[in-house]
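In what follows, a single structure is set out as structure tokens and then discussed.
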Amino acid sequence: MISSETANNFIRYNKIALAVGFFITAFFLPIKTSLSNVGLILIVTSSFLSILSTGLSIDKNILKSPFILFVPLIIGVIYTKNIDETIHQWFKYLFLLTTPLLLLRKRSETTNLLKITAYGLVIGSLLSAIYLVGHNVYNFFLSGFSIKYLFSYYFTSDNFTAPLKDMHPIYLGSYYLFGVVLVFKAKNISIPFFLKTLFSGILFIAILFCNSRVIFLAAFICILSAPFVLKTSLKRKLLFVGAVLFMILIFIFFFKNTYVYNKIVKVTAWELTENIGTANIAPDAPGDSRMARWIVGWEAFKERPLFGYGTGMESETLMEKYRTNNMQVSLERGYNAHNQYLGYLIRFGLLGGLFIFGYVLLNSYLSFKQRDMVYFSYILIVGVVFLVENYIDRNMGINFVALFGTLLCLNDKGTFKK
């Protein structure tokens, strides 16, 4: 029979392992996804061992957690035609199921985990940003280019994130942007205002080099919505909106002739019109615009609007549509829908749409109701990025959503709110 002292030691060390798992997962998100996975595995293992000693008691908040994003995958297995890909997607999405299921048991256990996780992401983001910006500037000076080339194609987007192997600018930008929010609005992060300003400045510079249009959009909405979420006076709201508009004018003035500006304006215009096999600002790189892919994806959804094609069927369905519509570039590159909402509609029809739209809208409402800027920023970033990327089809997005989506949905009292 196990003594009470042994049981208490087990519980204590298991809690330490859980905390370490949260820190590792968050810290390595902006550095290396595979190491972030190690942290999540530790979280799931520690939570499972804790259940063996305390029992399983599911919290009602699981209905607003990332768990509901996994539910359509369970239903879609009934009518899918691709079991192999279904099994692959089940394993890929598994953390969206296990993390909420195992953690949403005792809220008292999550208070310190929020603080640990926030520090992990902020520290990891700062180290990542300092390394990448330093690497970028060093290579720029070695190149001998004039200063106007610093924000050219060669030093932004994929070329900026290249030192972190396989790291995508959209995902990295989402971590950096959320890191800025945590620095300024997380109640549990206590650092001097000067350091907050310095850290945020570093992360904003890195966001600029990431050159992701959807992250710029999310940042713009976050900044613009802050005084409304935090319920400030009308005068402050107007001053804040004016300051944001002034910043946009300054951006246009300084970046008008750079690749960053051209990507925001010209490439976006190309992406939002139907282009098949044509080029945008790079004349030697023809492609199919996102709008062209969204149109064929929407046509696929309309053919099976109620339940879709089943789990694991998005790629197969789109490849057939690309072939039919002579979209050779998309076919060769195996593009997905590049829209998480549309991806769910193709796979799971309106049923899947109910789950994914419900997740975003419910958490948006609750975070606004609580006046919690951290919670609101999280769901805003995720919801906006979903518009142009299959964000949770990669571990980079799954880990972020599983981690913060689970912890923040417990935030009824505004744990991070100031």
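The C-beta contact set for region 322-345 (first residue without any contact (Cβ under 8 Å) to a residue 40 or more places away in the chain, second residue outside any helix (DSSP H, G or I) and open to solvent by 20 Å² or more (accessible area, probe 1.4 Å), distance under 8 angstrom, 6+ apart or interchain) comprises Tyr322/Tyr335. Can you tell me how many residues within region 163-176 are aromatic (Phe, Trp, Tyr) and surrounded by fewer than 21 Cβ atoms within 10 Å (Cβ to Cβ)? The qualifying residues number 0.
Among the residues making up region 108-148, those that are surrounded by 13 or more Cβ atoms within 10 Å (Cβ to Cβ), among the hydrophobic types (A, V, I, L, M, F, W, C) and without any contact (Cβ under 8 Å) to a residue 24 or more places away in the chain are Val137, Phe140, Phe145. Filtering region 299-312 to residues that are closer than 13 Å to Asn325 by Cα and of a type outside the set (A, V, I, L, M) leaves only Glu299. State which residue is nearest to Leu408 (Cα to Cα) when the search covers only region 352-363 and only residues that are out of contact with any Leu (no Cβ under 7 Å at 6 or more places or on another chain) and not aromatic (Phe, Trp, Tyr). Of everything passing the filter in region 352-363, Asn363 is nearest to Leu408 (Cα to Cα).
In region 76-94, the residues that are among the β-branched types (Val, Ile, Thr) form Cβ pairs under 7 Å with partners that are outside any loop (DSSP other than H, G, I, E, B) and surrounded by 13 or more Cβ atoms within 10 Å (Cβ to Cβ), at six or more places apart or across chains, as follows: Val77/Thr86; Thr80/Thr86. Residues that are in contact with a Pro (Cβ under 9 Å, 6 or more places away or on another chain) and free of Cβ contacts under 8 Å to residues at least 40 places away in the same chain within region 154-179 comprise just one, Asp158. If the condition is being part of a helix (DSSP H, G or I) and either under 14 Å from the mean Cα position of the chain (by Cα) or of a type in the set (A, V, I, L, M, F, W, C) (or both), then region 160-176 contributes Phe160, Pro169, Ile170, Tyr171, Leu172, Gly173, Ser174, Tyr175, Tyr176. Considering only residues in region 280-304 that are at pLDDT 95 or above and either of a type in the set (Phe, Trp, Tyr) or not in a helix (DSSP H, G or I) (or both), the one that is farthest from Val388 (Cα to Cα) turns out to be Arg304.
Considering region 305-418, the qualifying helices (runs of 4 or more DSSP H), each wholly inside and each with 1 or more residues that are open to solvent by less than 20 Å² (accessible area, probe 1.4 Å), over 26 Å from Ala118 (Cα atoms) and of a type outside the set (Lys, Arg), run over 314-324, 328-333, 340-369. Within region 262-278, restricting attention to residues that are under 21 Å from Leu208 (Cβ atoms) and touching a residue at least 40 places away in the same chain (Cβ under 8 Å), the residue that is surrounded by the most Cβ atoms within 10 Å (Cβ to Cβ) is Lys263.
The values are calculated or read from the model by the stated rules, or taken from the named source; none is laboratory data. Just so you know, these numbers come straight off a predicted model, no measurement behind them. Counting neighbours? That spans all protein chains shown, and the Cβs are built from the backbone with ideal geometry, glycine included. Just the protein is used for accessible areas: all its heavy atoms, side chains included, with ligands, DNA and RNA removed. Shrake-Rupley method; radii C 1.70, N 1.55, O 1.52, S 1.80 Å.
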